[in-house]
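Since the structure comes first, as structure tokens, the remarks are kept for the end.
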Amino acid sequence: MPALAINGGDVVYEILGESGDLIVLTPGGRYGMDIPGLRPLAEALVAGGYRVLLWDRPNCGASDVQFYGRTESHMRAETLAGLLTGLDLAPCVLAGGSGGARDSILTAIRYPELVDKLVLWNIVGGTYGTFNLGAHYILPSLQVVRGAGVAGLLRLKEWRERVEANPANEKRLLALDADEFVKLSLRWLNAYVQKPGQTIPGVDDDEFDRIQVPTLIIRGGEHDIDHPKRTSLEISCLIAGSTLIDPPWPEDAWERAMQDRAMGRVKRFNMFDTWVQAAPPILEFLGR
């Protein structure tokens, strides 16, 4: 895969399709572009006449690990801006789900000149969703570095996988300053503490005024506490003129996936398998 150096780290990317306007497709969590379920959506968008940029964000997939910025999503937004300008691909459509929705929102807020349209789904919010992110993505690394220094990061499955995908990441992790890593982790963790005037983690509500492009929001599931219906409704109010639609997948798609994992009913748990169902409404919206 090609890569571009941005802020001192290589960012791996892939462009699907030969012609058409560009869509940047970003998954959630710290998943890379090889996460099952993402490529079928990308291929459906390519079949609809678009090019699609897939990318491994810092700390995801085969890209270099990096640690800076107000929050991890702020770092990703800065990285994506560098990728788009470095490859001369802007302005373009940003499309993302879950954490990828937050990354796309922040890119549109901070770099509005790079964004043509915005498509969002599975937006994380609410007490459970935000606390769960902090507990899952920040606390384990913070705790191990406080107890064992940066070498302790290599004990964690998440960072071992980053080294397996990109051996250079071992040296990058071991070169971190433990005190600075703790300070940064506490700052990133604070973003996941709910605050008045922040519908989504680390983003002030008044910042949404900067989003002036046509925006499609796929509503959260009826009882999805990770990506609450209420959060998507509130974001639709914050982005003037945005279009809100019902999810094209079952209302309980997320709950089914979580139950399947908990009960061991699937060999490969993947919460993104339903995303390909978003292709028709996305293409319809972009074609208006």
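The values are calculated or read from the model by the stated rules, or taken from the named source; none is laboratory data. From a predicted model like this one, the values you see are computed outputs, not experimental measurements. Don't worry about glycine lacking a Cβ; one is built from the backbone with ideal geometry, like all the others, and counts go over all protein chains shown. Calculation scope for accessible area: heavy atoms of the full protein, side chains included, ligands and nucleic acids excluded. Shrake-Rupley method; radii C 1.70, N 1.55, O 1.52, S 1.80 Å.
Looking only at region 138-162, which residues are within 16 Å of ASP64 (Cβ to Cβ), touching a Leu at 6+ places or on another chain (Cβ under 7 Å) and surrounded by 17 or more Cβ atoms within 10 Å (Cβ to Cβ)?
Going through region 138-162, the residues within 16 Å of ASP64 (Cβ to Cβ) turn out to be 150, 153-154, 158-162.
This time we only want the ones that are touching a Leu at 6+ places or on another chain (Cβ under 7 Å), so: 150, 153-154, 159-160.
Hits for region 138-162 are VAL150, LEU153, TRP159.
Tell me whether region 253-260 contains one or more residues that are touching a strand residue (DSSP E or B) at 6+ places or on another chain (Cβ under 8 Å) and surrounded by 12 or more Cβ atoms within 10 Å (Cβ to Cβ).
Checking region 253-260: not a single residue is touching a strand residue (DSSP E or B) at 6+ places or on another chain (Cβ under 8 Å) and surrounded by 12 or more Cβ atoms within 10 Å (Cβ to Cβ).
Being of a type outside the set (S, T, N, Q), open to solvent by less than 30 Å² (accessible area, probe 1.4 Å) and farther than 17 Å from ARG102 by Cβ, is that true of even one residue in region 207-229?
yes
Within region 1-59, how many residues turn out to be open to solvent by less than 30 Å² (accessible area, probe 1.4 Å), more than 19 Å from GLU161 (Cα to Cα) and among the polar types (S, T, N, Q)?
Summing the residues that are open to solvent by less than 30 Å² (accessible area, probe 1.4 Å), more than 19 Å from GLU161 (Cα to Cα) and among the polar types (S, T, N, Q) in region 1-59 gives 1.
Looking at this structure, is ASP64 surrounded by fewer than 19 Cβ atoms within 10 Å (Cβ to Cβ), modelled with pLDDT of 95 or more and more than 15 Å from the chain's Cα centre (by Cα)?
no
Which residue, of VAL46, VAL11, is in contact with a Ser or Thr (Cβ under 7 Å, 6 or more places away or on another chain) and of a type in the set (A, V, I, L, M, F, W, C)?
Working: VAL46 fails: in contact with a Ser or Thr (Cβ under 7 Å, 6 or more places away or on another chain).
Sole residue among the options that is in contact with a Ser or Thr (Cβ under 7 Å, 6 or more places away or on another chain) and of a type in the set (A, V, I, L, M, F, W, C): VAL11.
If I go through region 143-199 residue by residue, how many of them are assigned to a helix (DSSP H, G or I) and under 19 Å from HIS74 (Cα atoms)? Quick ask: steps written out before the conclusion?
Going through region 143-199, the residues assigned to a helix (DSSP H, G or I) turn out to be 143-148, 150-155, 157-165, 168-174, 178-190.
Next, from what is left, pick out any that are under 19 Å from HIS74 (Cα atoms): 180-190.
Total meeting the criteria: 11.
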